[in-house]
Amino acid sequence: MDGTQNLSKRAYLAIGMMLFALFFGAGNLIFPAALGQHSGSNVGWALAGFVITGVGLPLLGVMAMGYSGCKDVQELASRVHPVYGLIYTVALYLSIGPMFATPRTGTVAYEIAIKPFTEGVAMDMQPIFLALFFGISLWLSISPQKLVNRIGNILTPALLLVIFLLIVKSFITPLGGYAVPQGEYVTAGGAVLQGFLDGYNTMDALASVVFAILVIDFVRLSGATSRVVVTKTVMEVGAIAVALLGIVYIFIANIGATSVERFGLFETGAPVLTASADFLFGAVGQVILAVIVLLACLSTSIGLITSCSTYFHKLYSKVSYKVFVVIFSIAAFGLGMFGLKTIISAAIPVLMLLYPLTIVIIFLALSDALFDGRRCVYSWTIGLTMISALMSGLETAGWAPDVLKAVFTQYIPFQGIGMGWVSFAVLGFIFGLIHKALKSE
């Protein structure tokens with residue numbers, strides 16, 4: 001194929017479905033289900049916010065990597081400073097890799113797909129399941145060039161088919177009416193904002209800049225070599241993936257919003273899905289849900305292990321890619337043994353630190369031409385954003401001094417709603433433009 005030509009429709013679809021499956025872990029089922037339950041009749045407003053961070057930002061992340069022309073995340077982040085680029089990228093990969101996201105895939109799969117079937121069994125089945133789960137992930141991650149075939153052509157169609165069965169049956173057999181909105185979702189504005197913050201939990205914006213590198217590599221392997229074609233193709237493939245995400249979010253949230261009347265209000269989305277699947281399909285309902293969760297978690301685990309191993313092999317080539325696959329699979333197994341609750345709690349402060357930095361670097365990459373790609377704009381914007389991001393991380397971890405918390409809450413716009421970093425980012429961008437203008441004179 002000529003490098004200036006577009007990919008075939010079959011290649012587009014396969015890579016797009018692979019990207020969807022990489023994004024779509026069990027959390028992408030759990031969080032919209034919980035959002036639906038708590039937002040009730042305001043589910044539309046909540047979804048509007050959720051889609052921005054759960055769908056829009058991942059698409060922008062994929063687009064930013066394609067548009068930037070960078071070979072990896074570190075090269076993009078190094079536009080701020082080479083040292084920052086290294087530290088940020090290592091932190092990002094460890095967070096979505098062996099520290100939090102990868103172990104979470106195994107523990108979520110166990111909690112939803114396996115644990116309900118092991119009630120009454122005296123032996124703890126979690127170690128056995130995690131060993132098997134990450135063993136399969138290791139095996140399927142050893143040959144990354146086969147990801148499109150294994151995930152895009154096999155796992156994803158199976159996953160979408162089973163999800164489609166659940167959605168169709170929910171319309172044939174309605175669960176009930178829309179519930180009364182709860183907590184932050186009571187007002188339309190509150191529902192939008194809370195939905196926006198709920199979208200952080202998917203971690204897809206963080207993963208988007210990482211998975212985009214896999215997509216770019218596969219697009220090039222498929223024959224596209226020119227930067228224009230690669231950028232265009234990556235954007236279109238990303239659109240396919242996030243469109244599928246958005247469709248699933250809408251219908252799963254609707255199941256949650258109509259389930260309260262029948263099942264009551266749950267704290268998380270997992271029992272919502274379990275109860276709904278049991279009601280809609282009877283005895284086989286839990287089996288159907290287990291298949292969905294296992295397929296979703298396995299495909300995401302493979303993508304994360306592959307991405308992390310590829311990056312760290314490039315960073316330290318003396319250790320082979322396959323050795324890194326083994327190391328990260330074992331690490332995910334070990335940390336998964338701490339359990340889902342511990343992993344989620346430990347991840348939140350890190351997410352509050354990394355999410356603002358990732359969102360800002362995405363927007364800087366997309367607007368690069370507006371300020372001629374000048375480092376001073378990148379440095380000022382990220383530098384000030386980091387002040388707020390560090391504060392959010394410390395506050396979430398419970399380590400922030402009370403005096404500092406009071407000052408931020410009182411004087412920083414949007415700090416009280418968890419969006420104080422926006423003010424810092426805008427101010428940093430303005431300072432960066434002023435710096436650029438002064439140096440140009």
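Screening Leu59 with (1) buried (at least 23 other Cβ atoms within 10 Å of the Cβ); (2) assigned to a helix (DSSP H, G or I) gives one miss only, at (1). In the set (1) touching a His at 6+ places or on another chain (Cβ under 7 Å); (2) more than 21 Å from Val90 (Cβ to Cβ), Arg374 fails one condition alone, (1). Inside the stretch 274-332, residues that are within 18 Å of Ser95 (Cα to Cα) and hydrophobic (A, V, I, L, M, F, W, C) make up a count of 16.
None of Leu197, Leu214, Leu273, Leu193 is surrounded by fewer than 23 Cβ atoms within 10 Å (Cβ to Cβ) and within 30 Å of Leu165 (Cβ to Cβ) except Leu214. The single residue among Phe328, Phe333 that is of a type outside the set (Lys, Arg), out of contact with any Phe, Trp or Tyr (no Cβ under 6 Å at 6 or more places or on another chain) and part of a helix (DSSP H, G or I) turns out to be Phe328.
Going by the conditions given, is Phe266 in contact (Cβ under 8 Å) with a residue 60 or more places away in the chain and in contact with a Phe, Trp or Tyr (Cβ under 9 Å, 6 or more places away or on another chain)? For Phe266, the condition - in contact (Cβ under 8 Å) with a residue 60 or more places away in the chain and in contact with a Phe, Trp or Tyr (Cβ under 9 Å, 6 or more places away or on another chain) - is not met.
Conditions (1) under 29 Å from Pro82 (Cβ atoms); (2) without any contact (Cβ under 8 Å) to a residue 24 or more places away in the chain, marked per residue:
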{"residue": "Leu273", "(1), (2)": "no, no"}
{"residue": "Ser276", "(1), (2)": "no, no"}
{"residue": "Ala283", "(1), (2)": "no, yes"}
{"residue": "Met337", "(1), (2)": "no, no"}
{"residue": "Ser345", "(1), (2)": "no, yes"}
{"residue": "Leu351", "(1), (2)": "yes, no"}
{"residue": "Tyr355", "(1), (2)": "yes, no"}
{"residue": "Val360", "(1), (2)": "yes, no"}
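Looking across the stretch 217-229, the residues that are β-branched (Val, Ile, Thr) and surrounded by fewer than 19 Cβ atoms within 10 Å (Cβ to Cβ) come down to Thr225, Val228. In the stretch 317-339, of all residues being more than 27 Å from Gly393 (Cβ to Cβ) and of a type outside the set (A, V, I, L, M, F, W, C), the one that is surrounded by the most Cβ atoms within 10 Å (Cβ to Cβ) corresponds to Ser329. Listed here are the helices (runs of 4 or more DSSP H) enclosed by the stretch 340-441 that have at least 1 residues being in contact with a helix residue (DSSP H, G or I) (Cβ under 7 Å, 6 or more places away or on another chain) and surrounded by 22 or more Cβ atoms within 10 Å (Cβ to Cβ): 340-366, 375-397, 421-440.
Annotation: of all residues in the stretch 295-336 being more than 18 Å from Ile136 (Cβ to Cβ) and among the hydrophobic types (A, V, I, L, M, F, W, C), the one that is farthest from the chain's Cα centre (by Cα) is Val319.
Here Leu161 meets each of (1) touching a residue at least 60 places away in the same chain (Cβ under 8 Å); (2) under 24 Å from Tyr12 (Cβ atoms) with one exception, condition (1).
Of the residues making up the stretch 95-143, those that are without any contact (Cβ under 8 Å) to a residue 24 or more places away in the chain, farther than 21 Å from Ile288 by Cβ and either aliphatic (A, V, I, L, M) or not assigned by TED's automatic domain parsing to the domain that holds Tyr311 (or both) number 4.
Quick check: is even one residue across the stretch 75-88 over 20 Å from the mean Cα position of the chain (by Cα) and among the aromatic types (Phe, Trp, Tyr)? Yes, the stretch 75-88 has at least one match. Of the residues that make up the stretch 59-78, is at least one farther than 24 Å from Ser379 by Cβ and touching a residue at least 40 places away in the same chain (Cβ under 8 Å)? Yes, there is a match, as at least one residue in the stretch 59-78 is farther than 24 Å from Ser379 by Cβ and touching a residue at least 40 places away in the same chain (Cβ under 8 Å).
Among the residues examined, Lys405 qualifies as among the charged types (D, E, K, R), in contact with an Asp or Glu (Cβ under 8 Å, 6 or more places away or on another chain) and without any contact (Cβ under 8 Å) to a residue 40 or more places away in the chain. All of Lys341, Lys322 fail the test of being without any contact (Cβ under 8 Å) to a residue 24 or more places away in the chain, charged (D, E, K, R) and outside the structural domain of Leu394 (by TED's automatic domain parsing), apart from Lys341. Just one of the numbered conditions (1) in a helix (DSSP H, G or I); (2) within 25 Å of Glu395 (Cβ to Cβ); (3) modelled with pLDDT under 95 is not true of Lys314: (2). Within the bounds of the stretch 288-310, is there any residue that is in the same structural domain as Gly54 (by TED's automatic domain parsing), outside any helix (DSSP H, G or I), touching a Gly at 6+ places or on another chain (Cβ under 9 Å) and of a type in the set (Ser, Thr, Tyr)? Looking for residues that are in the same structural domain as Gly54 (by TED's automatic domain parsing), outside any helix (DSSP H, G or I), touching a Gly at 6+ places or on another chain (Cβ under 9 Å) and of a type in the set (Ser, Thr, Tyr), one finds none in the stretch 288-310, hence no.
Scan the stretch 103-127 for residues that are in a helix (DSSP H, G or I) and surrounded by fewer than 13 Cβ atoms within 10 Å (Cβ to Cβ) and the total you get is 1.
The values are calculated or read from the model by the stated rules, or taken from the named source; none is laboratory data. What you are looking at is a predicted structure, and each value in this text was computed from that prediction instead of being measured. Don't worry about glycine lacking a Cβ; one is built from the backbone with ideal geometry, like all the others, and counts go over all protein chains shown.
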